[in-house]
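Taking it in order: structure first as structure tokens, then the write-up.
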Amino acid sequence: MLPICDLARQYQTLKSDIDAAVAGVLASGHYIMGPNVKAFEQELAAYLGAAHAIAMNSGTDALHLALRALEIGPGDEVITTAFTFAATSEAIGMVGATPVLVDIDPATFNLRADQVATVISERTRAILPVHLYGQPADMAPLLELATAHGVAVVEDCAQSIGSTWSAPGQPPRPTGTIGTIGCFSFFPTKNLGAAGDGGMCVTADPRLAERLRMLRSHGWKSKYYQEILGVNSRLDDIQAAILRVKLPHLDPWNLARRRLAARYDRLLADIPGVGVPGKLPETMPVYHQYTVRVPDRDRVAAALKEAGIETQVYYPYPLHLLPIHATLGKIEGAFPEAERACREVLSLPMFPELTDSEQDLVVAAIKVALSTPAGIH
Ligand SMILES: *Cc1c(COP(=O)(O)O)cnc(C)c1O
């Protein structure tokens, strides 16, 4: 089976460095908040050009604690996309705030500023764009709205580490450094993945950075002197050591993903019915996923599986139609583009080590699946 993402293959390319890094931490006896966490925070901040980086134990906690640091809570609203991973809206719920969902841009699958403008109110405290599939959202109009209404922008960069966006006439900026706080995940399958859970918040604001440091470690600045309600959300030193080995490889890996994405674009162009991912001119995506639209998606996915190719549907349900969000009172038809995306999207194998010949097999299998009428195998 050709997997959608092959983590074991990546490990083999770095095995001696990763094994040595892990062995070093084990031998040091320093497992929590050790030197690797601090060094990784500094290295990631330098890589992104961020003033402050605060490690967390997951991307979910990075989002949750970002909202806590901004003192967002019950009665407050946070505007986000109806088409994202569960953790995005979960973080809003964890602080007791209300998610206000809006529809997506069908070309990029991302939050649309014109939709945000229709729901922004005096209860809005933050706009939470998700750079889905590693594709940066259209940030200029979102920043404009946020400034006009005096609300924060929290970027969900779980899928977008290393991608950039540029304001008109400005140099490119990494996603995560555009808004008030950028939230990253090091879940193993992400473009920069640990061998377990991990996350990070980055910000230019020293006051928010200090609050984030307190929140991730029991609400204290100095040990046992608890000042605010925090949690235990620390990154393990072993994970930080592994991430430090991998960080210098992130740019070449993202470059490989872009090359593969361009190759998919080319090869899929002459298959009728396949919609390849769009891209804004001012962005450089990192293709966490390479996601196409296909007619009769479930049948195509089944045909690929039969041909030995793994695909995934990210995501099968728009948030507003999930039981957890029933209280929002949105019914089918509320966000037609998010709903259509859930019916049509299919993510294809995409990881830096994917070979051209493997990619050719994927394309050939799609071609066969779409030229076989439904019901005939
Ligand atoms: C992975 C992911 C998260 C959560 O990250 P974890 O580290 O798994 O908690 C949040 N948002 C999006 C869009 C993600 O893909």
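Data overview
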| read-out | value |
| --- | --- |
| In segment 267-294, the residues that are within 16 Å of the ligand (Cβ to nearest atom) and in a loop (DSSP other than H, G, I, E, B) | PRO277, PRO285, VAL286, TYR287, HIS288, GLN289 |
| Evaluation of ILE72 against (1) within 16 Å of the ligand (Cβ to nearest atom); (2) assigned to a loop (DSSP other than H, G, I, E, B) (one fails), failing number | (1) |
| Pairs where the first residue, in segment 168-185, is closer than 8 Å to GLU155 by Cα and the second is within 16 Å of the ligand (Cβ to nearest atom) and of a type in the set (Phe, Trp, Tyr), C-beta under 9 Å, 6+ apart | GLY176/PHE184 |
| Extreme residue, farthest from ALA146 (Cα to Cα), among residues of segment 170-213 that are away from the ligand (no atom under 12 Å from the Cβ) and charged (D, E, K, R) | ARG213 |
| Any pair with Cβ under 6 angstrom, 6 or more apart, that starts in segment 249-264 at a residue that is closer than 14 Å to THR164 by Cα and ends at one that is crowded, with 19+ Cβ neighbours inside 10 Å | LEU250/GLY162; LEU250/LEU192; ASN254/GLY162; ASN254/VAL286 |
| Lone qualifier among GLU77, GLU90 - being under 29 Å from GLU210 (Cβ atoms), of a type outside the set (A, V, I, L, M, F, W, C) and more than 13 Å from the ligand (Cβ to nearest atom) | GLU77 |
| Selection from segment 115-139 of residues that are over 19 Å from the mean Cα position of the chain (by Cα) and aliphatic (A, V, I, L, M) | VAL116, ALA117, VAL119, ILE120 |
| Hits in segment 45-60 - residues which are assigned to a helix (DSSP H, G or I) and either of a type in the set (Ser, Thr, Tyr) or more than 7 Å from the ligand (Cβ to nearest atom) (or both) | ALA45, ALA46, TYR47, LEU48, THR60 |
| Any hit, segment 243-260, residues being out of contact with any Phe, Trp or Tyr (no Cβ under 8 Å at 6 or more places or on another chain) and either in a strand (DSSP E or B) or of a type in the set (Val, Ile, Thr) (or both) | yes |
| Sole exception among (1) more than 16 Å from the ligand (Cβ to nearest atom); (2) surrounded by fewer than 20 Cβ atoms within 10 Å (Cβ to Cβ); (3) in contact (Cβ under 8 Å) with a residue 24 or more places away in the chain for PRO316, by number | (1) |
| Segment 125-144 - residue that is assigned to a helix (DSSP H, G or I) and touching a helix residue (DSSP H, G or I) at 6+ places or on another chain (Cβ under 7 Å) and, of those, farthest from the ligand (Cβ to nearest atom) | PRO141 |
| Out of GLY273, GLY230, GLY219, GLY278, sole residue that is touching an Asp or Glu at 6+ places or on another chain (Cβ under 7 Å) and of a type in the set (Gly, Ala, Ser) | GLY219 |
| Any hit, segment 145-168, residues being modelled with pLDDT under 95 and either away from the ligand (no atom under 12 Å from the Cβ) or of a type in the set (Val, Ile, Thr) (or both) | yes |
| Qualifying positions in segment 1-56 - among the acidic types (Asp, Glu) and touching a residue at least 60 places away in the same chain (Cβ under 8 Å) | ASP6, ASP17, GLU41, GLU43 |
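Listed here are the residues, each with its yes/no results for (1) out of contact with any Ser or Thr (no Cβ under 7 Å at 6 or more places or on another chain); (2) over 15 Å from ALA369 (Cα atoms); (3) exposed (fewer than 14 other Cβ atoms within 10 Å of the Cβ).
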position	(1), (2), (3)
ARG266	yes, yes, yes
ALA269	yes, yes, yes
VAL276	yes, yes, no
GLU282	no, yes, no
THR291	no, yes, no
ARG297	yes, no, no
LEU304	no, no, no
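The values are calculated or read from the model by the stated rules, or taken from the named source; none is laboratory data. All figures in this text were calculated on a predicted structure; none of them were measured in a lab. Methodologically, a virtual Cβ is constructed for each residue, glycine included, from the backbone with ideal geometry; neighbour enumeration extends over all protein chains shown.
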